[in-house]
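Remarks on the structure that follows.
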Amino acid sequence: MRTRTLHVIAALVAGLMTVSLTACGEDDGAGTESFTVGLLLPNRVTPRWEHSDKPLIEQRLKELCPDCTMVYANAENDAARQRQQVISMITNGAKVLILDPADSRAVRSSIQEARQSGVPVIAYDRLAEGPISGFVTFDGAQVGRLQGEALLKAMAERGKGRTVVMMNGDPSSANAAWFRKGTMSVISGKAKIARSYETAGWSPENAHANMTAAISALGADHIDGVVAANDAIAAGVISAFKKAGVKDLPPITGQDADLEAVRRIVKGEQSMTVYKPFEKEAAAAAAMAVAVGRGEGAHDVATTTTDSPTTKDIPSILLTPNLVTAGNLRQTLVNAGRYTVDQICTSQLRAACAEIGLTG
């Protein structure tokens, strides 16, 4: 994946405000135009899709285009199902699609059909192959760098070895390789990669099986850190260590700031996660969808361009992810309005929360 910066990301908020005013303005009756936006998400395994992205996108679309309608489908990690969902939405009159691909390659033919039908497709969170009209995500290389830097720091603080197991994401997702590349840019030459696994479907169960295999092959005492590509994978990794009777867990990374992952950080089971303010990503995707739906073009809101294996110079927005650790939970998540202290600090975690200053 290659990007060419056109504008600084710091201008994103101002850009989105401009689009909002334009989309909802009264000139030429733009504010009363109505059309259907299709939202297609990849799975229910990752909590954020149903709990955050879907409602946030729907809310922002309604703000930008009050008379527009959103239709929704979840692929349940089934690429064939998602291809059918794309075709169904086109057939039923969707004017623009926001698509998070279950399989970045497998959906290419459906995107080509959408283009032939005059329906632009905005790739959301994960880059899709085929003639997409725009792309909105967080900078995957930076996500990987944050994971790598945090892992090295946590291992150094423990004062043990630097033998690492890589628990990568689903190989069908373009993001998995992007995250791994970012991590490797930080840890190469500074850690020994003893085992590396791909996690089909980003599934905790598959991660558990892979981690169990790594523990069996290496011995738990010889694993000094685990790069878990996201929080669902981290959950599977942690469950494998616990099943093996390991109480002193090595540093384990994550991503998405799922509530259960945040609680694991409080308990000391997970070293970090990466918070990607979903409301910013949802707002950017909605703004781009409304722009292309009205024929204004994705470049009106794009801040950079991205090349996929099939398409060059895709108008894109790459947002900045945030590191989350036990030391900055209040600053990054509570103060940002992601979670309340009460949501994080259950009765069982109150003592642990107090130890890290997360009270009140």
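The values are calculated or read from the model by the stated rules, or taken from the named source; none is laboratory data. Keep in mind that what you see is a predicted model, and the values were worked out from it rather than measured. As a convention, Cβ positions derive from the backbone with ideal geometry for all residues, glycine included, and neighbour counts pool all protein chains shown.
Within the stretch 56-65, is even one residue out of contact with any Cys (no Cβ under 8 Å at 6 or more places or on another chain), modelled with pLDDT of 95 or more, surrounded by 15 or more Cβ atoms within 10 Å (Cβ to Cβ) and under 21 Å from PRO131 (Cβ atoms)?
The answer is no, given that none of the residues of the stretch 56-65 is out of contact with any Cys (no Cβ under 8 Å at 6 or more places or on another chain), modelled with pLDDT of 95 or more, surrounded by 15 or more Cβ atoms within 10 Å (Cβ to Cβ) and under 21 Å from PRO131 (Cβ atoms).
In the stretch 251-274, is there at least one residue being more than 23 Å from the chain's Cα centre (by Cα), more than 15 Å from PHE138 (Cβ to Cβ), acidic (Asp, Glu) and not in a helix (DSSP H, G or I)?
Taking every residue of the stretch 251-274 in turn, none turns out to be more than 23 Å from the chain's Cα centre (by Cα), more than 15 Å from PHE138 (Cβ to Cβ), acidic (Asp, Glu) and not in a helix (DSSP H, G or I).
From the list GLU269, GLU281, which one is under 23 Å from VAL165 (Cα atoms) and at pLDDT 95 or above?
On inspection, the qualifying residue turns out to be GLU269.
If you take the residues of the stretch 75-94 that are outside any helix (DSSP H, G or I) and buried (at least 22 other Cβ atoms within 10 Å of the Cβ), which of them is nearest to the chain's Cα centre (by Cα)? Don't jump to the end; show me each part of the working.
Let us first name the residues in the stretch 75-94 that are outside any helix (DSSP H, G or I), namely 75-78, 92-94.
Then drop every residue that is not buried (at least 22 other Cβ atoms within 10 Å of the Cβ), which leaves 75, 94.
Numbers: ALA75: 16, ALA94: 25 Å.
Result: ALA75.
Scan the stretch 295-311 and report the pairs whose first residue is touching a residue at least 40 places away in the same chain (Cβ under 8 Å) and whose second residue is among the polar types (S, T, N, Q) and part of a loop (DSSP other than H, G, I, E, B), with Cβ atoms within less than 7 Å and a gap of 6+ or a chain change.
The qualifying pairs are ALA298/SER133.
Residue by residue through the stretch 81-98, note down the ones that are in contact (Cβ under 8 Å) with a residue 60 or more places away in the chain and within 12 Å of LEU40 (Cα to Cα). Don't jump to the end; show me each part of the working.
At the first step, the residues of the stretch 81-98 found to be in contact (Cβ under 8 Å) with a residue 60 or more places away in the chain are 95-98.
VAL96, LEU97, ILE98, listed by residue number.
Within the stretch 100-119, which residues are surrounded by 23 or more Cβ atoms within 10 Å (Cβ to Cβ), touching a residue at least 60 places away in the same chain (Cβ under 8 Å) and of a type outside the set (Asp, Glu)?
Selection gives PRO101, ALA102, SER104.
Go through the stretch 319-360 and give me each residue that's of a type in the set (A, V, I, L, M), closer than 29 Å to LEU127 by Cβ and outside any strand (DSSP E or B).
Within the stretch 319-360, LEU333, ALA336 qualify.
Condition first: assigned by TED's automatic domain parsing to the domain that holds SER196 and without any contact (Cβ under 8 Å) to a residue 60 or more places away in the chain. Can you find one or more residues in the stretch 162-170 that meet it?
Within the stretch 162-170, one or more residues are assigned by TED's automatic domain parsing to the domain that holds SER196 and without any contact (Cβ under 8 Å) to a residue 60 or more places away in the chain.
List the number of the failed condition for ALA240; all other conditions in (1) more than 19 Å from the chain's Cα centre (by Cα); (2) surrounded by 22 or more Cβ atoms within 10 Å (Cβ to Cβ); (3) small (Gly, Ala, Ser); (4) over 22 Å from LEU259 (Cα atoms) hold.
If we test ALA240 against (1) more than 19 Å from the chain's Cα centre (by Cα); (2) surrounded by 22 or more Cβ atoms within 10 Å (Cβ to Cβ); (3) small (Gly, Ala, Ser); (4) over 22 Å from LEU259 (Cα atoms), just (4) comes out false.
Assess whether VAL119 counts as being part of a loop (DSSP other than H, G, I, E, B), farther than 24 Å from PRO321 by Cα and among the aliphatic types (A, V, I, L, M).
When the stated conditions are applied, VAL119 passes them.
If I ask for residues that are of a type in the set (Ser, Thr, Tyr) and modelled with pLDDT under 95, which ones from the stretch 140-178 would you list?
Within the stretch 140-178, SER172, SER173 qualify.
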